[in-house]
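The block underneath contains the structure these notes are about, expressed in structure tokens.
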Amino acid sequence: METIYILWLRQVIKYFRSKSRIIGSLAQPLLFLVAFGFGFGSIYEKAGEGNYIQFLAPGIILMSVLTTAMFSGIDIIWDRQFGFLKETLVAPVSRLQIILGKTLGGATVALIQGIIVLLLTLIVGFKPQSFASLFPAFIFTFLVAVLFSSLGTAIASVLEDMQGFQLIMNFLIMPIIFLSGAFFPLSNLPKTIDFISKINPLTYGVDGLRGALIGVSSFAPSMDLLILLVVTSTLLGIASYLFSKIQA
């Protein structure tokens, strides 16, 4: 447990020491929130769907969480290139503890990022349905953070260069976000898009968070939670296996 705590704490400290990283990671969600929220808000209201900021904010929060969580995997490649990973692997601790520490550290950083974006949405005009809704919202956000931190770790475990990792991340992130219902309702979609959105794990994170914060969802909250738990556990297991095979 001590190893998990140390690696978790290292990830969190590294995040807070990099002010440029914090500011840079907030720029994209803030841009989407303002540009989409106010740019398409009137169109959304005229379509009879209500306040677009209310609909959009949960998706923007999880967009920030996903991006931060997935890019946390780059620390493995960084540590490998600069020799820190070799020192960690030869330590008398299991690789499972190492991967849990790194994954939970990346998820915690992503969760903090999501909380900051939530505060920004409040400034823009977003209003959660109640204070009590923040607890289930926290659960959904944390599960999404662990899920995509595990995915980022799994991908980083089989790559050796940062350029390849960034290329794959850029290829995956935007389709996952846009096909999750973060920016538009999932009703009346073409069959192909509907199928892709339903096998996209972020869809259930966005739906669960939106249901928790504003009481609007496409699926049952229990279904969202169950799917996230299953996918998160599966990806964490895959990440642990791939990391156990890594060569520093």
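Readers should treat all values here as calculations from the given coordinates under stated rules, not as data from a laboratory. Keep in mind it's a predicted model, so treat the numbers as computed, not measured. Note that we place each Cβ from the backbone using ideal geometry, even for glycine, and neighbour counts take in every protein chain shown.
Brief remarks on what is shown
- Karplus (6.51, -1.76, 1.60) ³J(HN,Hα), θ = phi - 60°, over the stretch 152-168, in Hz, Gly and Pro reported as x: x, 5, 4, 5, 5, 5, 10, 10, 10, 10, 5, 4, x, 5, 5, 5, 5
- For ILE43 and THR234, a Förster radius of 35 Å and the Cβ-Cβ distance give a FRET efficiency of 0.35, rounded to the nearest 0.05.
- Ascending count of other beta-carbon atoms within 10 Å, so fewest first, for MET162, MET63: MET162, MET63
- Exposure proxy shown here: for LEU225, LEU147, the number of other Cβ atoms within 10 Å sets the order, fewest to most, as LEU225, LEU147.
- For the stretch 126-165, chymotrypsin sites (Phe, Trp or Tyr not before Pro) meeting the loop criterion (DSSP other than H, G, I, E, B) and having at most 14 other Cβ atoms within 10 Å: none.
- The slack in the chain from VAL216 to LEU122, taken as 0.36 nm per residue of separation less the alpha-carbon distance, amounts to 32.0 nm.
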